[in-house]
1. Counting every Cα pair in region 22-146, what percent are over 17 Å apart?
2. Can you tell me which of 53-64, 26-37 comes out highest on packing, and rank the rest after it, using the mean Cβ neighbours within 10 Å?
3. Between Val13 and Ala98, what is the label-point separation in nm under the 7 Å Cα-to-beta-carbon projection?
Amino acid sequence: MTALPQAQPPTAVRVFVQRCSATRLGATLARRLAVWKLDTWGVPYDTQLSDTVALLVAEIAANAVLHGRVSGRDFELRLSCAYGTGVVRVEISDTHEARPDPASVSQPDAEADGGRGLVIVEALAARWGVSDRLGPGKTVWAEAEIPPPGGASPPGGSAQADR
């Protein structure tokens with residue numbers, strides 16, 4: 001008698017998607033929604049992971065509002081938490097065709113008023129990059145690792161062009 005293949009154990013993956021207006025208020029709302037949703041998924045407020053995700057969403061959403069805004073178009077926040085792989089993934093999609101280049105992220109001039117958003121993303125994310133999306137525009141994504149119980153792993157900081 002032939003043994004039947006064993007089914008893979010279920011992997012808990014949670015996904016949250018929300019469109020936000022391409023305004024500063026929309027970027028603030030995206031950050032607040034992300035940490036609220038993480039809290040409902042069992043990642044409490046004011047933990048290292050929650051704070052990291054909040055900063056990733058804030059910086060990427062701010063870039064979508066400042067550099068990726070197309071009049072009359074929103075941006076989209078997609079947040080996923082995959083406990084099996086130990087990753088929280090943040091995706092911000094906008095409809096502007098300009099794409100940031102992960103390979104060219106560098107420290108801005110100390111006197112500059114801006115230009116630090118992707119430097120912060122690079123420092124906090126385990127991985128990040130830019131991907132095509134269905135329709136016009138692009139998706140900027142970043143991943144944060146879920147710390148193992150009882151310990152925290154430091155953020156990585158390696159960029160990938162596509163995934």
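Bear in mind these aren't lab numbers, they're just calculated from the coordinates by the rules spelled out. Predicted model only: the values in this text are computed from it and were never measured. No Cβ is skipped: glycine too gets one built from the backbone with ideal geometry, and neighbour counts run over all protein chains shown.
1. 55
2. Packing order, densest peptide first, comes out as 53-64, 26-37.
3. Distance between label points: 3.3 nm.
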